[in-house]
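The structure appears right after this line, and notes come after that.
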Amino acid sequence: MSERRFKIYKLKFHGPLHLSKGKEDYDESADILHSDTLKSAIFVSALQLFGKEVLGDNEGKSFFESFKVSSAFPFCAGEFFFPKPYARIQDIAGVNPENESKQSKTLKKIAFIGKSYFEDLLNGAQRQINENHILNGGEYLSDNSSLITINKSGKKELLPIVVSEVNQRVTIPREYGIDSTPFYMERIFFGEQSGLFFIIDINDNSELENKIDASMKLLGENGIGTDKSVGNGNFVFFKEEITIKVPDNTNHQFNLSLFCPEKQELSESMLETSSYQLLKRGGFIANPSNIHNSTLRKRSVHMFGEGSIFSTPQKLEGKVVNLKPKTDQIKHPVWRDGRAIFLPILPKPE
């Protein structure tokens with residue numbers, strides 16, 4: 001076992017956040033800020049600040065390839081949460097065999113795993129889950145005592161991680177004579193000590209890091225996600241480091257970002273012994289220089305979701321893809337980053 005050290009950005013939100021799931025409706029928000037969305041948002045902010053310096057000779061592709069980011073996952077107080085892998089995880093300690101069906105449903109509901117449990121998963125430790133560590137309605141798993149606080153009555157209670165609220169909204173038509181249309185939007189709210197964090201792999205490039213810091217500051221002021229014009233998605237960020245204990249010898253890799261592989265990185269035999277989910281990625285174009293293009297949709301691409309486990313000793317990388325739609329209105333590439341940050345993992349024996 002060894003340790004890997006990473007730089008992280010912690011995003012502390014001023015108000016609510018809605019993250020699109022790629023559907024036309026807004027009644028459900030995603031709880032992960034995917035790496036491709038995050039990277040594109042940083043690029044748009046960098047483009048506003050630095051212009052042609054960011055575009056370079058290949059219309060911005062070099063900027064996308066100059067660093068990697070993970071997707072952004074929740075944190076609370078001193079705990080960092082990671083996505084549950086698409087594979088078997090530990091059982092719950094002391095559960096009666098007659099309740100195996102209930103246990104299976106409980107384990108399936110867990111979406112995020114605290115750092116201690118996550119490191120055990122990576123290193124193949126056969127640690128059983130304490131049912132008392134399943135938090136926030138069953139979606140979070142953590143044994144971190146920093147999540148517990150003492151209220152005014154002297155009783156222990158869990159710090160709020162994230163809650164959601166669904167509100168009815170009304171579209172305002174731009175053309176006279178068209179009726180308004182009601183719709184519902186879910187917004188998520190983070191607790192006072194909670195937010196999202198992501199890992200960045202930047203190879204100690206201080207000049208690039210300064211540009212990213214400036215871009216992140218502008219992004220926080222402008223907001224990220226849906227409904228930024230009414231204050232959604234505004235944040236401030238803090239930079240820290242995190243160490244993660246990983247196994248030394250394994251032929252399996254766990255991705256913390258969306259992953260769009262090069263053709264030669266995949267094989268049928270590898271996929272047969274891997275565990276993964278495919279996500280369709282697309283959405284609307286963000287162009288600070290031409291807001292009219294924001295009504296145009298990118299082409300779609302499928303990527304492997306966070307928490308996928310690939311059975312291969314090969315170092316996986318991924319690629320940046322151009323999702324420019326087939327229209328003459330768009331004269332520039334529309335890059336989407338499918339390069340992922342991976343961690344080695346020892347899979348649980350069947």
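Points worth noting:
- Among residues other than Phe304 with Cβ under 11 Å from its Cβ, the summed charge is -1 (Lys and Arg +1, Asp and Glu -1).
- Order of His133, His34, His332 - criterion: other Cβ atoms within 10 Å of each residue's Cβ, fewest first: His332, His133, His34
- Farthest positive-ward along the stretch 2-250 dipole, Cα basis, beta-carbon charges - from Ile188, Phe235, Gly114: Gly114
- Counting beta carbons within 10 Å around each of Ile202, Ile345, Ile150, Ile309 and listing the fewest first gives the order Ile150, Ile202, Ile309, Ile345.
- Only beta bridges with both residues in the chain are counted; by DSSP, about 95 percent of them are antiparallel.
- The magnitude of the dipole of the chain, with charges of +1 and -1 set on the Cβ of Lys/Arg and Asp/Glu and taken from the Cα centre, is near 420 debye.
- Net charge in the neighbourhood of Thr149 (other residues with Cβ under 9 Å of its Cβ; Lys, Arg +1, Asp, Glu -1) is 0.
- Full extension of the chain between Ser229 and Gln264 gives 8.3 nm of extra length, using 0.36 nm per residue less the Cα-Cα distance.
- Note on Val44, Val163: ascending count of other Cβ atoms within 10 Å places them as Val163, Val44, the fewest first.
- Here, P(r) means the percent of Cα pairs in each 5 Å bin from 0 to the largest distance; for the stretch 2-250 it is 1, 5, 11, 15, 15, 15, 13, 10, 7, 4, 2, 1, 0, 0.
- Of Ile199, Asn151, Thr250, farthest towards positive along the dipole that unit charges on Lys, Arg, Asp, Glu beta carbons give the chain: Ile199
- Charge-dipole axis of the chain as Lys and Arg at +1 and Asp and Glu at -1 on Cβ define it, positive-most pick from Ile32, Val69, Leu17: Leu17
Where a number appears in this text, it was derived from the coordinates with a stated rule and is not lab data. Remember, predicted model here, so these are calculated numbers, not experimental data. Glycine gets a Cβ as well: all are built from the backbone with ideal geometry, and neighbour counts include every protein chain shown.
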